[in-house]
Structure formats: structure tokens, C-alpha cells
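Novice: Sharing a structure with you now.
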Amino acid sequence: MYVAVKGGETAIRNAHKLLADRRRGNRSVPAIGLEQIVEQLALAVDRVMAEGSLYDTELAALAVKQARGDMIEAIFLVRAYRTTLPRFGYTKPVETSQMAIERRISATFKDLPGGQLLGPTFDYTHRLLDPELAEDGVMESPDRRVEAHEHTPRVTDILGKDGMIEPDGEMPEGVETGDLTREPLPFPLERDLRLQALARGDEGFLLGLAYSTQRGFGRSHPFAGEIRIGEVEVELEVAELDFPPTLGRIRVTECQMINQFKGSSKQPPQFTRGYGLVFGQSERKSMSMALCDRALRARELGEDITAAAQDEEFVISHSDNVQSTGFVEHLKLPHYVDFQAELDLVRRMRSEHERVASNSSETKEAAE
Amino acid sequence: MTELATYNFAYLDEQTKRMIRRAILKAIAIPGYQVPFASREMPMPYGWGTGGVQVTAAIIGPNDTLKVIDQGADDTTNAVSIRAFFQKVSSVRVTTKTTEATIIQTRHRIPETALQTGQTLVYQVPIPEPLRFLEPRETETRKMHALEEYGLMHVKLYEDIARHGHIATTYAYPVKVEGRYVMDPSPTPKFDNPKMHRSPALQLFGAGREKRIYAIPPYTEVVSLDFEDHPFEIQTFSEPCALCGARGSYLDEVILDDKGGSMFVCSDTDFCEDRQSEGHQGHLSANPAQADTHAAGVEK
């Protein structure tokens, strides 16, 4: 006799208990603390904050721990929390030219005001596994610069003085900056919403698309004009106050790509920009974002749209990894009902196919 | 550490609920039209019913009785999980009885028992755009709806007939609502399409990832697309339910062994259990000696 499958509730409870057990792992190994994650897996925390769109190192660390190190799961946890938070207002645009800089490089000028500052980078490390890191050895303290912080103008501002590069983008008159977390995306998008979507977009997806533009699928001749990492102040406009109070400082990575542009009927030949801005330290993401931003400006600049990276609906509709993972993984849910409908159809079509085949072979025999 | 998070009744904050209710009202006012709404991240993954959950959360009140089904069944894991979610965040009464529920959230089925005035059926929708697989661009499909330009869909159905002799769409079969908008009924089998037509219940559709809500108000015309010489037909099953003997209900095939043995049982578990408790039996129920010989169909 057939007994219908019951007990979904118990199964789910047991599965979650097992998950909690696996998350903790061997009990004789000390549990990892949030502080350890914030301090020692800082770039994982940064990625969760960036794609989770919530700047809170402690919550991001908690998410990383709860997700057993699965980044997209951690990002999802942070997003689902973030969406419940009330909005007090919108901050003023952060002033990245006033950044307390920890790293700043330009690939377009050998030297420039503010200088080149390598900072804490993996660049030029030899990727040789370091067995000493397996132990908690004694660390040398890093050397710090002694001279005072020099004013470090943005490369694009230097280039912009004589119109060699287009100015910072302006929104059309009367347009208020959108908020993709509060309104559904209205395609075609203005650049504000597009940049918001790219800022929380999946690093891997944007990296692949950015790479595709370098290999000829929507080529835009980019130069890394400037990448800077450091802390900026966040200020909030408050109606009752005549100055915007500072809420705090956040670490961001900014990338300004400089791209060739031959000019059009609307604009003289000049360099154009692709822009990337990401929470925390993530050069790969901010560079990918800048390349994708530039590729997606094809419509605005009157360029031919020939490649995936230039296709706004394609890029933006599929860059959110929380959405992507949800829909891909939903295939795990039962689909008995639709599958039954398809089974029935395929059976019917197969029997029709057999009937036609046998009919035609009979006709053939008769003819012979 | 952050304080222990507390959540509003039915999880969503009241402002979000108001935003969703506005979208629902607009959807009811324009039957079959997809209303964009500012879908939120929910504590379950996109594609797992976040649209339906947001619609339910926006309309549910303390006096409601909720039923959640997936594939017609109350006990599939995702239905269990969503029901548990609402029990946790809204402590409303839940039921598995179609007749007792004021709100039924569903994925892929419409209950066999006819719905009544005052009931609301909330569908979870993965891809709300019926034209999406013919035209992937939102900017284009929006135009096609605005111009009532549905030729592409008819061509697709016609090509099915030319190629296979019949329309080869078995679920998510497109319908026209109140003579205006072509609508995706969500991936329900086309078997369920006639139940949407002039239903006394309010039917709401939520697509969370795609950020769209649409609706069929009570007693609205819902017509499955077809051709005069190829009228719309629903699936039929050659055998009755093996447990309750019902004919005319939608059946799931259950594999019994690795030698090709299988049985067919009602996908609507509540309907099937009701019939069994009324004494109806199929040829594989506990006591098959009394198996229903008189073919008991669904009263329509």
C-alpha cells in the first residue's frame, strides 16, 4: 500500500539541527569569534557589506559565521535584515576627494599630486603559500609614513580642468536620485539606479562581464585612471540644522576608469568615464563595476550596442546574486504538478510519433 | 551586539504593507495588468514564494485563517515552511481545509473544491510576464501589452499546432483577462485554468523577484487562448485516484518500484483526504475491497 509522504515539519526541524551541528563542527576546536572574522577575514566581511548593501562589520561577520563561509548566503542574510530597517533619510554624496587615503594608484600618470601609495595590496606578492601563517607567529609592525597627509585631488579632476575628460555625470534637471530598494527598477534606467544596482551586483558576474569588454565584446579602451581606498565621512542633511552632522566614517574603494571616446554630434572628442564605488576594500569589484558602468553608457553616448555587457536589461536584471541564487535554487522545490503535465504531453506525442512511423512503414511495404 | 530583532505583525512594516496594498488595489482595478511594486528582500529566497508571501503578509489580519499549498499539497516542505513562517510572525489560525480558509496561498495548483465569495487565493509567481519567453526584454513586452499586441503569442500557439497537431503548452497556459490583458496564470497545469473563470474568490498574484503584482477580481472573465478549430482542452487522466477513486481531479504519478510500476493520486491532498473520510476508496487504499466502483467525479 502506498503511504503519502508526510512529516515535512519534522524533516525540516531535523535538517536545521544537523545544519547547526555542522556549522559548529568539531566541538574540541574553539568556536570562531566575530572579532576574529572582522579582523582576520576582513575582505570577506567587506564583500558581504558591499553586496549586502549594509555597512556594519559586526553583522556582516555574524552573517559569514552563520552562513558557514558561504558568501552569497551571508549576503542574503544581511539583505533580509537590511530591508526591515527604517529609513531616516538620505546622506549627502560622500566626498571622495577628501578621503583619508590608505591606498591610491593611478595607471595613467607616473607621478601626480598626492603621489602613488601602494597600501595593503596583494599586488606584487608572489602567490606562494606561506606555511608560517598556519601558526600564530610574531608579526612585524608596518612602517607608517611620517609626513602629513598631502591633499590628493582626484585624477579625473586634474584631467577635467582643460576638458580632456567629460565632467562628472549630471542627472537630468528635476530628477531626484532613485532608490532601487524602495521602488521597482524602471527600464531603461538612469545612471543613478544603474550604479546602485552595480554596487550591490555580484562580484563574479560583473568581473566576467568586465573581462568580456576587454576581450572585444563591447570594447571601450579603458585605463585605470585612479583607484583609491580609504575612509570618507558620511553626512546627513537634517532639516532643523544649518550644517550636515557627520554620522561616521566608512571605508570605500573608488575606481575611475578613463575611456577613449571619438566624439559624436553632441560631444567633442574627449575621454569618458566609468565609475565604481564599493563599500570596504575591493578593487576587483570596483574596477569591474567601472568597466560595466562605461559599457552600459553605450545608449547615452550613441554607441552601437553589440555585446552583453552593453545590454542594460541583460546586465542589471541578472547581476543580483540574491535574486539569481534564489531562482536557480528554486528548481529544488517540487515541480510534480507541471512535470506531470509534461509527462502526459510527451507520452502523447511519442504515441503519435509511433503511430505515424508504423503507418508509413506499412505504406512502404504495401508499395513494395 | 545588536539588540534582538523584533518584527511587526506578519513580518512587513506597515509602510511596506501600505505600498503593497496600493499595488493590489491597482491590480484589482485593472484585471490582468502587471503592477510594478517595490518588492522587499524576504527571509526566504527569491523564487521560493516571496511574492506570494508579501501579498499574504499585506492582506492578512488576526481574524484570518490561512492555508498554504504547494503542488496542491499542504505537507510539501515549502508549504510547511511558509505556513510555519506566518504562524511565527502573525500567529493567525492555519488550516489544511480549503473550505475553512479565508486566504489560501498556493504554488502550482488551484484547489479542486470550488472557492467561495470572501476567499482569497494568493498565487506565487516565478515569471509574471506571459510574453517573456517570446521577447526577453521588459521594455518591449510592456509596449506589447500597452498596444494589446498579442500576435506573437497566437503565432507561437499556431506553430505548436502546425508542428505537433495540438498546442504543446501544458502549464502556465496563457489566458486573456476580461477581454484585455494576456496573463500568465503562474505554472499551474492548464487543467486549473477553467477554475479561474468567473471565480467568486479574489485571485491575487505576487512575483517577488520580478517585482510585479496582478489580480483577477471575483467574477471576472478568464479565457484560455485558443483557436476556433483547436479549442482549449484540459488534461484528462485515464484512471481514477488510487486512494479516493476520484475522477476529474488532477493526479500526480507516484513511482512505486523500479519495474515501471506507478500509481496516480490526487495532487490536492485535502480534497483526497476529505473524500477518503467520506468513505470513497481507490484500488490501492487500505481496504480496496470497497473500492469506489461508481465513478465519483468532482462536482462542478
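Read-outs throughout are calculated quantities, based only on the coordinates presented, and are distinct from any laboratory measurement. Quick caveat, the model's predicted, so the values are computed rather than measured. Neighbour counts run over all protein chains shown; Cβ positions are idealised from the backbone, glycine included.
Novice: I'd like the distance separating the alpha-carbon centroids of the stretch B:149-174 and the stretch A:265-317, in whole Å.
Specialist: Going from one Cα centre to the other spans 39 Å.
Novice: How long is the gain from B:L25 to B:T139 if the chain were fully straight, where each residue apart is worth 0.36 nm and the alpha carbon distance is subtracted?
Specialist: Working: separation 114, 0.36 × 114 = 41.04 nm, distance 2.38 nm.
Gain on stretching B:L25 to B:T139: 38.7 nm.
Novice: Looking at the stretch A:29-137, which trypsin sites (Lys or Arg not before Pro) are DSSP coil and have at most 13 other C-beta atoms within 10 Å of their C-beta?
Specialist: Details: sites: A:R47, A:K65, A:R68, A:R79, A:R82, A:R87, A:R103, A:R104, A:K110, A:R127; in loops: A:R68, A:R87, A:K110, A:R127.
The qualifying sites are A:R68, A:R87, A:K110, A:R127.
Novice: If you stretched the chain out fully between B:Y158 and B:R18, how much longer would it get, using 0.36 nm times the residue separation minus the C-alpha to C-alpha distance?
Specialist: Values: separation 140, 0.36 × 140 = 50.40 nm, distance 4.26 nm.
Computed gain between B:Y158 and B:R18 is 46.1 nm.
Novice: A follow-up question, please. Scan around A:L185 for amide H atoms under 5 Å from its own, H built in the peptide plane at 1.01 Å from N, and keep only partners 5 or more places away or cross-chain.
Specialist: Residues meeting the criterion, in which the H sits 1.01 Å from N, do not exist here.
Novice: DSSP beta bridges in the stretch B:14-224, what fraction antiparallel, as a percent rounded to 5? Walk me through the numbers before you get to the answer.
Specialist: Values: 15 of 31 bridges.
In the stretch B:14-224, DSSP labels about 50 percent of beta bridges as antiparallel.
Novice: Measure nothing but the geometry: give the 0 to 90° angle between the long axis through the Cα atoms of A:336-367 and the longest principal axis through the Cα atoms of chain A, rounded to 10°.
Specialist: Result, in degrees: 50.
Novice: Next up: Can you work out D for the stretch A:8-82 in µm² s⁻¹ from Stokes-Einstein, where Rh is the Kirkwood radius over C-alpha pairs, the temperature is 4 °C and the viscosity is 1.567 mPa s? Let's see the in-between values first.
Specialist: Numbers: Rh = 12.9 Å.
This corresponds to a translational diffusion coefficient of 100 µm²/s.
Novice: Moving on. Considering the zone a paramagnetic label at B:F9 would reach in this model (a point 7 Å from Cα along the Cα-to-Cβ line), which residues of the stretch B:34-78 have amide N under 11 Å from it?
Specialist: Once the point is set 7 Å along Cα→Cβ of B:F9, B:60-64 turn out to lie under 11 Å by backbone N, inside the stretch B:34-78.
Novice: Over 38 Å apart: what share of the alpha carbon pairs of chain A falls there, rounded to a whole percent?
Specialist: The proportion of pairs with Cα distances above 38 Å equals 35 percent.
Novice: Tell me the Kirkwood hydrodynamic radius of the stretch B:55-141 in angstroms, computed as one over the mean inverse distance between distinct C-alpha pairs. Display every interim value, and only then the final one.
Specialist: Details: mean 1/r = 0.0713 Å⁻¹.
The Cα-based Kirkwood calculation yields 14.0 Å.
Novice: When chain A is treated as a GNM, springs tying every alpha-carbon pair under 10 Å, which of A:M164, A:M257, A:M349 comes out with the largest mean-square fluctuation?
Specialist: Taking springs between Cα atoms under 10 Å, the residue moving most is A:M349.
Novice: Using a/c under 1.5 as the rounded threshold, could you call the stretch A:215-324 rounded, prolate or oblate? The axes a ≥ b ≥ c are square roots of the C-alpha gyration tensor eigenvalues, and prolate needs a/b larger than b/c, oblate otherwise. Don't jump to the answer; show the numbers that get you there.
Specialist: Numbers: a/c = 1.97, a/b = 1.66, b/c = 1.19.
Cα axes put the stretch A:215-324 in the prolate bin.
Novice: Oh, and also: Residue by residue through the stretch A:221-227, which ³J(HN,Hα) values in whole Hz follow from phi under the Karplus form 6.51 cos²θ - 1.76 cosθ + 1.60 (θ = phi - 60°), with glycine and proline marked x?
Specialist: Listing the rounded values in order: 6, x, 10, 7, x, 6, 10 Hz.
Novice: Could you tell me the center-to-center distance, by alpha carbons, between the stretch B:112-140 and the stretch B:215-284 in angstrom?
Specialist: Using only Cα atoms, the two centres lie 21 Å from each other.
Novice: Further question: What ranking do B:H280, A:H353, A:H318 get, fewest neighbouring Cβ atoms within 10 angstrom at the top?
Specialist: Numbers: B:H280 21, A:H353 11, A:H318 16.
Result, fewest neighbours first: A:H353, A:H318, B:H280.
Novice: I've got another one for you. Which residues' amide hydrogens lie under 5 Å from the amide hydrogen of B:R212, considering only partners 5 or more residues apart or on another chain, with H built in the peptide plane?
Specialist: B:F37, B:A207
Novice: If I model the stretch A:67-127 as equal point scatterers sitting on the Cα atoms and use the Debye formula, what is log10 I(q)/I(0) at q = 0.21, 0.23, 0.25, 0.26 Å⁻¹?
Specialist: For the requested q values the scattering log ratios are -0.92, -0.96, -1.01, -1.05.
Novice: Could you grab the relative contact order for chain A? Cα pairs under 8 Å, six or more apart, rounded to a whole percent. Intermediate values should be presented prior to the final figure.
Specialist: Values: 481 pairs, mean separation 60.1, N = 368.
Across chain A, relative contact order equals 16 percent.
Novice: Could you work out the relative contact order of the stretch B:14-224? I mean the mean sequence separation of Cα pairs under 8 Å and 6+ apart, divided by the number of residues, in percent. Numbers along the way, then the final one.
Specialist: On the way: 435 pairs, mean separation 61.0, N = 211.
Relative contact order comes out at 29 percent.
Novice: Limiting things to C-alpha atoms, what are the Rg and the maximum Cα-Cα separation (Dmax) for the stretch B:12-56, in angstroms?
Specialist: Reported Rg and Dmax, both Å: 10.8, 30.
Novice: Take peptide B:69-78, look around each residue's Cβ out to 10 angstrom, count Cβ atoms belonging to other protein chains, and average those counts. Before the final figure, lay out the partial values.
Specialist: Numbers: counts 0, 6, 8, 2, 7, 2, 6, 5, 10, 6.
Rounded to a whole number, the mean comes out at 5.
Novice: Right, next: Compute the acute angle (0 to 90°) between the alpha-carbon long axis of helix A:283-296 and the principal axis of greatest extent of the alpha-carbon atoms of chain A; round to the nearest 10°.
Specialist: Approximately 70 degrees, to the nearest ten.
Novice: Can you give me the Kirkwood hydrodynamic radius for the protein assembly as shown, using every pair of distinct Cα atoms, in Å to one decimal?
Specialist: On the way: mean 1/r = 0.0349 Å⁻¹.
So the Kirkwood estimate lands at 28.6 Å.
Novice: May I pose another question? Note down the nm distance, to one decimal, between modelled labels 7 Å out along Cα→Cβ at B:R247 and at A:V346.
Specialist: 2.9
Novice: Still on this model: Along its principal axes, what span do the Cα atoms of the stretch B:1-80 show, with the longest given first and each in whole Å?
Specialist: Here the spans come out as 46, 33, 28 Å, largest first.
Novice: Mind checking the alpha-carbon convex hull of the stretch A:263-368 and giving the volume per residue in Å³?
Specialist: Working: hull volume 24.7 nm³, N = 106.
Measuring per residue, one finds 233 Å³ for the Cα hull of the stretch A:263-368.
Novice: Translational diffusion coefficient, Stokes-Einstein: compute it for chain B using the Kirkwood radius over C-alpha pairs as Rh, at 4 °C and 1.567 mPa s, and state it as an integer in µm² s⁻¹. Walk me through the numbers on the way to the answer.
Specialist: Numbers: Rh = 20.4 Å.
For these conditions, the coefficient is 64 µm²/s.
Novice: For A:E51, what is the net charge nearby, where nearby means another residue's Cβ is under 9 Å from its Cβ and Lys, Arg count +1, Asp, Glu -1?
Specialist: Working: positive: A:R47, A:R79, A:R200, A:K285; negative: A:D202, A:E203, A:D320.
That works out to +1.
Novice: Anyone know which of B:V89, B:V35, B:V182 comes out most mobile in the 10 Å Cα GNM of chain B?
Specialist: Greatest mean-square fluctuation among the candidates belongs to B:V89.
Novice: I'd like the FRET efficiency for A:D162 and A:R219, computed as 1/(1 + (r/R0)^6) with the beta carbon distance as r and R0 of 35 Å, rounded to 0.05.
Specialist: Working: r = 26 Å, r/R0 = 0.75.
For R0 = 35 Å, the calculated efficiency reads 0.85.
Novice: Right, another one. Relative contact order (percent) for the stretch A:8-82, with alpha-carbon contacts under 8 angstrom and 6 or more residues of separation? Can you show the working numbers first?
Specialist: Working: 67 pairs, mean separation 19.8, N = 75.
Relative contact order for the stretch A:8-82 comes out at 26 percent.
Novice: Set the Förster radius R0 to 60 Å, insert the Cβ-Cβ distance between A:D136 and A:T91 as r into 1/(1 + (r/R0)^6), and round the FRET efficiency to 0.05. All intermediate terms of the calculation are to be shown ahead of the outcome.
Specialist: Numbers: r = 39 Å, r/R0 = 0.66.
Calculated transfer efficiency: 0.95.
Novice: Determine the distance separating the Cα centre of the stretch B:44-87 from the Cα centre of the stretch A:171-199; give it in Å without decimals.
Specialist: Here the answer is 31 Å between Cα centres.
Novice: Additional query: Given the alpha-carbon gyration tensor of the stretch B:185-263, what are the semi-axes of its equivalent ellipsoid in whole angstrom, ordered largest first, with each equal to the square root of 5 times an eigenvalue?
Specialist: Values: eigenvalues 180, 65, 37 Å².
Those come to 30, 18, 14 Å.
Novice: Ok, one more. Give me the inter-chain shielding for A:313-324: mean count of other chain Cβ atoms within 10 Å, whole number please. Show your work: numbers first, answer last.
Specialist: Working: counts 5, 2, 0, 0, 5, 0, 0, 3, 0, 4, 10, 3.
Whole-number average of other-chain Cβ neighbours for A:313-324 is 3.
Novice: Count, for each residue of B:43-56, the Cβ atoms from other chains sitting within 10 Å of its Cβ, then give me the mean as a whole number. Could the numbers behind the result be given before it?
Specialist: Values: counts 7, 3, 13, 11, 11, 6, 2, 3, 0, 0, 0, 0, 0, 0.
Per-residue shielding by partner chains comes out at 4.
Novice: Going by how many other Cβ atoms sit within 10 Å of their own, how do B:F191, A:F243, A:F205 line up, fewest first? Kindly include the intermediate steps, with their values, before the conclusion.
Specialist: Values: B:F191 27, A:F243 8, A:F205 17.
Result, fewest neighbours first: A:F243, A:F205, B:F191.
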